[in-house]
Amino acid sequence: MPPPVHPGENRSDPVRLTAWVHGRVQGVGFRWWTRARALELGLAGWARNTPDGRVEVVAEGARDLCDRLLAALRSGRTPGTVDHVVEQWGPVKGVEGFAER
């Protein structure tokens, strides 16, 4: 469930989502799948493996589009197996394109 909208916050304002995806998500096409979903939504950022077995996803764009990517990560329809996703929201930093790292 997306966080509540605070007074004056516009769902189309740009934000930065950082999501750490836990589970069996490395070596199964998860980063490629995430990149494809992000590009469909017009988001910028990256997906990369971390040494501890998670995938870190950073996406910048409209809040409602980042919410849709987050929902996709939690949907149960990803490659591999997602146990849970930890999210953090912040201001955009101006990345371009979407890369698998």
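The values are calculated or read from the model by the stated rules, or taken from the named source; none is laboratory data. All of these numbers come straight from a predicted model, not from anything done at the bench. No Cβ is skipped: glycine too gets one built from the backbone with ideal geometry, and neighbour counts run over all protein chains shown.
Look at Glu87 and say whether it is of a type outside the set (A, V, I, L, M), farther than 18 Å from Trp33 by Cα and under 12 Å from the mean Cα position of the chain (by Cα). Yes, satisfied. With respect to the conditions (1) of a type outside the set (A, V, I, L, M, F, W, C); (2) buried (at least 16 other Cβ atoms within 10 Å of the Cβ); (3) outside any strand (DSSP E or B); (4) out of contact with any helix residue (DSSP H, G or I) (no Cβ under 8 Å at 6 or more places or on another chain), Thr78 falls short on a single one, namely (4). Does Glu56 satisfy the criteria of being touching a strand residue (DSSP E or B) at 6+ places or on another chain (Cβ under 8 Å), among the charged types (D, E, K, R), farther than 21 Å from Arg11 by Cα and modelled with pLDDT under 95? Considered against the rule, which asks whether it is touching a strand residue (DSSP E or B) at 6+ places or on another chain (Cβ under 8 Å), among the charged types (D, E, K, R), farther than 21 Å from Arg11 by Cα and modelled with pLDDT under 95, Glu56 comes out as no.
Evaluate segment 19-30: report whether one residue or more is part of a helix (DSSP H, G or I), within 16 Å of Glu100 (Cβ to Cβ) and of a type outside the set (Lys, Arg). Taking every residue of segment 19-30 in turn, at least one turns out to be part of a helix (DSSP H, G or I), within 16 Å of Glu100 (Cβ to Cβ) and of a type outside the set (Lys, Arg).
Scanning segment 31-48 turns up at least one residue that is touching a Ser or Thr at 6+ places or on another chain (Cβ under 7 Å), surrounded by 13 or more Cβ atoms within 10 Å (Cβ to Cβ) and outside any strand (DSSP E or B).
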